[in-house]
1. Could you say which residue among Gly71, Gly79 is farther than 22 Å from Met22 by Cβ and either at pLDDT below 95 or touching a helix residue (DSSP H, G or I) at 6+ places or on another chain (Cβ under 9 Å) (or both)?
2. Just to check your reading of the model, which residue among Asp32, Asp11 is free of Cβ contacts under 8 Å to residues at least 60 places away in the same chain and closer than 16 Å to Phe91 by Cβ?
3. Given the criteria touching a Leu at 6+ places or on another chain (Cβ under 6 Å) and β-branched (Val, Ile, Thr), does Val73 qualify?
4. Consider Glu74 against the criteria (1) without any contact (Cβ under 8 Å) to a residue 12 or more places away in the chain; (2) surrounded by 11 or more Cβ atoms within 10 Å (Cβ to Cβ); (3) within 17 Å of the chain's Cα centre (by Cα): it satisfies all of them except one. Which criterion is unmet?
5. If we scan the range 50-58, do we find a residue that is surrounded by 13 or more Cβ atoms within 10 Å (Cβ to Cβ), of a type in the set (Asp, Glu) and within 20 Å of Arg127 (Cβ to Cβ)?
6. Condition (residue is open to solvent by 80 Å² or more (accessible area, probe 1.4 Å), within 15 Å of Ala69 (Cβ to Cβ) and at pLDDT below 95) applied to the range 125-135: is it met by at least one residue?
7. For Asp96, state whether it is open to solvent by less than 20 Å² (accessible area, probe 1.4 Å), of a type in the set (Asp, Glu) and on the phi < 0 side of the Ramachandran plot.
Amino acid sequence: MTAARRATPEDAPELVRLRKVMQDSCHGPNPDVSWQPAAVATLRARLADPDGDLTAFVVDRPGGLAACAVGTVEYRLGGPGNPQGVSGYVFSVATDPDMRRRGHSRACMEALLAWFESRGVRKIDLRASSEGEPLYTSLGFARTPDPAMRLTL
């Protein structure tokens, strides 16, 4: 059985490395790494607060991390399906290619979902790649009809 642990600020560089693994898997290789120092700094600061609204769960491997799942608690106005307006968002679920199919992402996701539950979060969203969708479906996630839109300024 794979055991996940909660990430610490020292894990930030490896979490960013795994984020690039995920992005390259979904969108193809991208040589631009200019975003990485800022991402490491942000993760170090956010992971340093044990009561903060962002966390990550990881599986170790010799010399680094094998897998991770990162999530954040978000706040909006409540509504019929979510009276408290508290929701979770999962991102940067990644496993190194040579470590896949060993239950590492599942262990990270299960730990992250337990963290959300401990925070009172009952609605959790994510975006799934076709490769990741079977895992998320097995954990109870379902496709929604809501279309996503984005404005980049």
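The values are calculated or read from the model by the stated rules, or taken from the named source; none is laboratory data. Keep in mind that this is a model prediction, so the values were computed, not measured. Note: ideal-geometry Cβ built from the backbone for every residue, glycine included; neighbour counts use all protein chains shown. What goes into the accessible areas is simple: the full protein's heavy atoms, side chains included, and nothing from ligands, DNA or RNA. Shrake-Rupley method; radii C 1.70, N 1.55, O 1.52, S 1.80 Å.
1. Matching residue, one of Gly71, Gly79: Gly79.
2. Just a single option satisfies the conditions, and that option is Asp11.
3. no
4. For Glu74, the failing item is (1).
5. yes
6. Taking the range 125-135 as the starting set, the residues that turn out to be open to solvent by 80 Å² or more (accessible area, probe 1.4 Å) are 127, 130-131, 134.
With within 15 Å of Ala69 (Cβ to Cβ) added as a condition, the list becomes 127, 131.
Now drop any that are not at pLDDT below 95, which leaves 127, 131.
Yes - at least one qualifying residue is present in the range 125-135.
7. Working: open to solvent by less than 20 Å² (accessible area, probe 1.4 Å): yes; of a type in the set (Asp, Glu): yes; on the phi < 0 side of the Ramachandran plot: yes.
Here the answer is yes, as Asp96 does meet what is asked.
The rows are residues; the columns are (1) over 19 Å from Lys20 (Cβ atoms); (2) in contact with a His (Cβ under 9 Å, 6 or more places away or on another chain); (3) of a type in the set (Val, Ile, Thr); (4) part of a loop (DSSP other than H, G, I, E, B).
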residue: Ala56; (1), (2), (3), (4): no, no, no, no
residue: Val59; (1), (2), (3), (4): no, yes, yes, no
residue: Ser87; (1), (2), (3), (4): yes, no, no, no
residue: Arg106; (1), (2), (3), (4): yes, no, no, no
residue: Trp115; (1), (2), (3), (4): yes, no, no, no
residue: Arg122; (1), (2), (3), (4): yes, no, no, yes
residue: Glu131; (1), (2), (3), (4): no, no, no, yes
